[in-house]
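Asker: Got a structure for you, written out below as structure tokens; questions coming shortly.
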């Protein structure tokens, strides 16, 4: 059984609410991620900024865009979060229902345990599919090995 922890990215990268979109975009590229947790003045996460939020903010017709505009202007809030006990199926259903590409995972107390993104879920799916393909191959290859040995014996016997 696959657990939520199998899809959890524990290293949550944050950006302060008053930092620029340009800085946020740089941080995403530098860390090869598509989501930043946005923190308030007290360091509490209250929003998420995605690469799509940044792209939408940069649309030529978007009123009020400037490279130095604060991330809070375009970040999505409130944050949608789950607990560490939430199942992967529930996370998938929530993300599809809410049409979001990530959820934060709440740990004990006020601690954030990490983030689960649609990309994380695809990695889990790919891993499970590879494992299933491996199990199928393991069931087929022993039979082929047995057939090969039988054919060798028949060949060496001149049959």
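Just so you know, all these numbers are worked out from the coordinates, no wet-lab data involved. Predicted, not measured: the structure shown is a model, and the values here were computed from it. Neighbour counts run over all protein chains shown; Cβ positions are idealised from the backbone, glycine included.
Asker: Does segment 1-41 classify as rounded, prolate or oblate by the C-alpha gyration tensor (a ≥ b ≥ c root eigenvalues; a/c under 1.5 gives rounded; else a/b over b/c gives prolate, otherwise oblate)? List each step's numbers first, then the result.
Answerer: Values: a/c = 4.32, a/b = 1.97, b/c = 2.19.
The shape class here is oblate.
Asker: Another one. Sticking with the crude label model, points 7 Å out along Cα→Cβ, report the distance from residue 58 to residue 110 in nm, one decimal please.
Answerer: It is 3.4 nm.
Asker: As an exercise, use a Förster radius of 41 Å and the Cβ-Cβ distance of residue 73 and residue 128 to find the FRET efficiency, rounded to the nearest 0.05. Don't skip to the end; give the middle numbers.
Answerer: Values: r = 39 Å, r/R0 = 0.96.
According to the calculation, E is roughly 0.55.
Asker: Using the count of nearby Cβ atoms within 10 Å as a rough guide to exposure, how do 21, 122, 12 rank from fewest to most?
Answerer: Working: 21 23, 122 11, 12 17.
With the fewest neighbours first, 21, 122, 12 line up as 122, 12, 21.
Asker: Additional query: Is the C-alpha gyration tensor of segment 4-117 telling us rounded, prolate or oblate? Criteria: a/c under 1.5 is rounded; beyond that, a/b larger than b/c is prolate, otherwise oblate. Intermediate results must be reported in sequence, preceding the final value.
Answerer: Details: a/c = 2.09, a/b = 1.64, b/c = 1.27.
It is prolate, given that a/c is not under 1.5 and a/b is the larger ratio.
Asker: Where does each of 52, 34 land when they are ranked from fewest to most other beta-carbon atoms within 10 angstrom? Let's see the in-between values first.
Answerer: Numbers: 52 13, 34 17.
Arranged by neighbour count, lowest to highest, 52, 34 become 52, 34.
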